[in-house]
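Worksheet for the structure shown next.
The values are calculated or read from the model by the stated rules, or taken from the named source; none is laboratory data. Remember, predicted model here, so these are calculated numbers, not experimental data. A quick note on method: Cβ atoms are made from the backbone with ideal geometry, for glycine too, and the neighbour counts reach across all protein chains shown. Note: accessible area is taken over every heavy atom of the protein model, side chains too, but ligands, DNA and RNA are not part of it. Shrake-Rupley method; radii C 1.70, N 1.55, O 1.52, S 1.80 Å.
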Amino acid sequence: MNYQELTEKELELYAKKNKDYTKGGDAFGNFKRVASILSLYPKLYLSNPLTIAMVYMMKQLDSALWMMSEGYDGEVETIDTRLTDVHVYAKIARLLNGSK
């Protein structure tokens, strides 16, 4: 495989994922919505791994909510796979928070 082939595969994956995230809407909508939600918490420390796990979880939750809101399911990653990711990030966050 060469550089151009790798780039073409990345573009193909980007297009598929963008379709899942936006269904033709704003290509950066997920980032904007999550940023808007996080702006409610101005004292969060982005250097805290617990914060990052929860941000990743929020990104997945937002994506599932957007699909539900717009009445579609993803092709690359579905509502169910997004919710599974929420489970995974929630467990990681609990471990980072010191859950025993």
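Select from the stretch 23-37 the residues that are of a type outside the set (A, V, I, L, M, F, W, C) and either in contact with a Cys (Cβ under 8 Å, 6 or more places away or on another chain) or open to solvent by 100 Å² or more (accessible area, probe 1.4 Å) (or both) and list them in ascending order.
23, 32, listed by residue number.
Let me spell it out: the conditions are (1) touching a residue at least 24 places away in the same chain (Cβ under 8 Å); (2) open to solvent by less than 90 Å² (accessible area, probe 1.4 Å); (3) of a type outside the set (Gly, Ala, Ser); (4) more than 28 Å from residue 93 (Cα to Cα), and residue 20 meets all of them except one. Which number is the exception?
If we test residue 20 against (1) touching a residue at least 24 places away in the same chain (Cβ under 8 Å); (2) open to solvent by less than 90 Å² (accessible area, probe 1.4 Å); (3) of a type outside the set (Gly, Ala, Ser); (4) more than 28 Å from residue 93 (Cα to Cα), just (4) comes out false.
Test each condition in (1) surrounded by 10 or more Cβ atoms within 10 Å (Cβ to Cβ); (2) part of a loop (DSSP other than H, G, I, E, B); (3) of a type outside the set (Lys, Arg) for residue 46 and report the one that comes out false.
Going through (1) surrounded by 10 or more Cβ atoms within 10 Å (Cβ to Cβ); (2) part of a loop (DSSP other than H, G, I, E, B); (3) of a type outside the set (Lys, Arg) one by one, residue 46 breaks only (1).
Of the numbered conditions (1) open to solvent by less than 70 Å² (accessible area, probe 1.4 Å); (2) in a loop (DSSP other than H, G, I, E, B); (3) more than 24 Å from residue 89 (Cβ to Cβ), residue 15 fails exactly one; give the number of that condition.
Of everything listed in (1) open to solvent by less than 70 Å² (accessible area, probe 1.4 Å); (2) in a loop (DSSP other than H, G, I, E, B); (3) more than 24 Å from residue 89 (Cβ to Cβ), residue 15 misses just condition (2).
Looking at 14, 89, 41 in this structure, which one is in contact (Cβ under 8 Å) with a residue 24 or more places away in the chain and aromatic (Phe, Trp, Tyr)?
None of the other options fit; the residue is 89.
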